[in-house]
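Notes for the one structure printed next.
The values are calculated or read from the model by the stated rules, or taken from the named source; none is laboratory data. Since this is a predicted model, take the numbers as computed values, not measurements. What goes into the accessible areas is simple: the full protein's heavy atoms, side chains included, and nothing from ligands, DNA or RNA. Shrake-Rupley method; radii C 1.70, N 1.55, O 1.52, S 1.80 Å.
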Amino acid sequence: GSCRQRCCLGRNNACWAPAAHRARCYCDSYCERTGDCCQDYQATCRRAAVGCAVGPWGPWGGCSSLCGVGSQARSRQVTVPPRHGGEPCPDLKQRRGCRGEHPTCGTAK
């Protein structure tokens with residue numbers, strides 16, 4: 001069996017190829033543990049694997065609340081997408097709590 005364009009991460013029972021004598025060989029990274037990799041797994045999947053790369057975090061956005069408790073977010077972009085079973089991308093967005101303190105907060109009318 002051959003892993004041509006079939007490399008998968010983790011344990012993926014749908015990631016297989018036909019092998020000799022009606023058997024299956026696998027092209028997922030779990031096959032290294034179970035010993036049922038296709039003959040070309042190392043050459044096709046391990047060497048060609050490209051892990052995700054991301055850029056730096058952008059600045060935190062403004063607080064969603066002018067007065068009181070709110071949230072703010074920041075993000076980053078994928079610079080190199082994962083290919084051929086490489087490491088997946090980490091989180092691209094973060095959120096945290098904030099407190100809005102606009103000058104008009106607490107002003108009595």
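Annotations
- Taking all pairs of distinct alpha-carbon atoms in segment 1-89, Kirkwood radius in angstrom: 15.4 Å
- Each stretch of four or more DSSP H residues adds -39500 (n - 2.57); spread over every residue of the chain, this sum gives -500 deg cm²/dmol at 222 nm.
- The residues T104, T44, sorted by heavy-atom accessible surface at 1.4 Å with ligands and nucleic acids left out, run T104, T44 from largest to smallest.
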